[in-house]
1. Can you give the local net charge around residue 158? Use residues other than it whose beta-carbon is closer than 12 angstrom to its beta-carbon, Lys and Arg +1, Asp and Glu -1.
2. Keeping all protein chains in the complex and leaving out DNA, RNA and ligands, what accessible area do you get for residue 120 with a 1.4 Å probe, in Å² to the nearest 10?
3. Which sequence of 54, 144 reflects their accessible areas, 1.4 Å probe, from the largest down?
4. Rounded to whole Å, give me the distance from the Cα center of region 197-248 to that of region 39-92.
5. Considering only protein heavy atoms, what is the solvent-accessible area of residue 134 at a probe of 1.4 Å, reported in Å² to the nearest 10?
6. Can you give the helix-only mean residue ellipticity at 222 nm for the chain, where every DSSP H stretch with n ≥ 4 adds -39500 (n - 2.57) and the sum goes over all residues, rounded to the nearest 500 deg cm²/dmol?
7. Tally Lys/Arg at +1 and Asp/Glu at -1 over every other residue whose Cβ is under 14 Å from the Cβ of residue 86; what's the total?
8. If you count only protein heavy atoms and use a 1.4 Å probe, how large is the accessible surface of residue 101, to the nearest 10 Å²?
Amino acid sequence: MAAAASARESVGNRVLGWIGLLAAFGFGILVSATGLIDEFVYYWPDIEYLAVQHMRLVAISGGLAIVAGIAIGIWLSRPSMARFAETVMQVFNIGTTIPTLAILALSMSLLGIGAVPAIFGLFVASLLPIVRNTYAGLKAVPAHMKEAANGMGMSPRTMLLRVELPNALYVIFAGIRTALTINVGTVPLAFLIGGGGLGELIFTGIALNEFGMMLAGAVPTAALAIATDFIIAQIQYWAIPRGVNPQR
């Protein structure tokens with residue numbers, strides 16, 4: 001059944017890949033027909049410069065979120081936290097109802113304007129999927145595996161590193177993919193608090209009613225989100241051992 005599910009998922013991924021390719025081809029024809037290529041060529045130096053800023057914000061805030069999210073998820077999954085884990089997770093879930101722009105505004109009120117409050121706001125916005133998936137993945141490890149590891153004399157730390165985390169890696173990576181993809185799409189809002197990134201082209205284009213400038217920021221942002229998800233998916237595929245990876 002696992003092989004059949006993996007085969008269906010592989011076929012689904014190929015179909016989505018072809019749909020994405022056709023969509024990109026159609027968009028290319030549309031851009032060519034409407035003369036927007038000239039707009040992209042005109043704004044290309046700005047796109048290059050702002051895309052580097054964009055991905056720097058993603059790398060710093062996303063990296064911090066990965067480290068903190070996995071650590072919190074592990075902490076909540078420990079037996080000593082069993083009484084409080086669900087309550088803490090509910091607090092995190094309530095946090096998702098707060099709009100990202102409100103989180104960035106709160107960061108600005110606490111830390112001022114610039115890259116630091118933007119990174120802090122993006123870090124907070126990216127945290128929940130990683131915490132939730134780490135906690136869920138570790139709690140889903142079959143009890144008989146942990147009992148067997150305990151019977152072999154493994155310490156709790158060794159059991160975590162050699163049994164629980166390897167079996168939860170697939171779910172943890174899914175949370176990381178979700179968090180980083182959301183992060184890339186949220187970074188344009190950081191421009192509103194002086195964080196930089198491709199949002200400068202998007203919001204300036206909206207303010208000036210310049211459709212080409214807006215697309216010069218929006219299209220690279222979407223492309224970066226797709227590329228980030230693809231790269232993390234490849235890392236997920238090759239980094240997780242064959243025995244616990246349903247895709248292999």
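1. Values: positive: 146, 157, 162; negative: 164.
Summing Lys and Arg as +1 and Asp and Glu as -1 gives +2.
2. For residue 120, solvent-accessible area is about 90 Å².
3. Correct descending sequence by accessible area is 144, 54.
4. That distance is 14 Å.
5. The value for residue 134 is about 0 Å².
6. Calculated from helices alone, the mean residue ellipticity at 222 nm is -27500 deg cm²/dmol.
7. +4
8. Its heavy atoms expose roughly 90 Å² to the probe.
The values are calculated or read from the model by the stated rules, or taken from the named source; none is laboratory data. Note that this is a predicted model, so its numbers are computed, not measured. For neighbour counting, all protein chains shown are included, and Cβ atoms are generated from backbone atoms with ideal geometry for every residue, glycine included. Remember, those area values only see protein heavy atoms, side chains included, never the ligands or the DNA or RNA. Shrake-Rupley method; radii C 1.70, N 1.55, O 1.52, S 1.80 Å.
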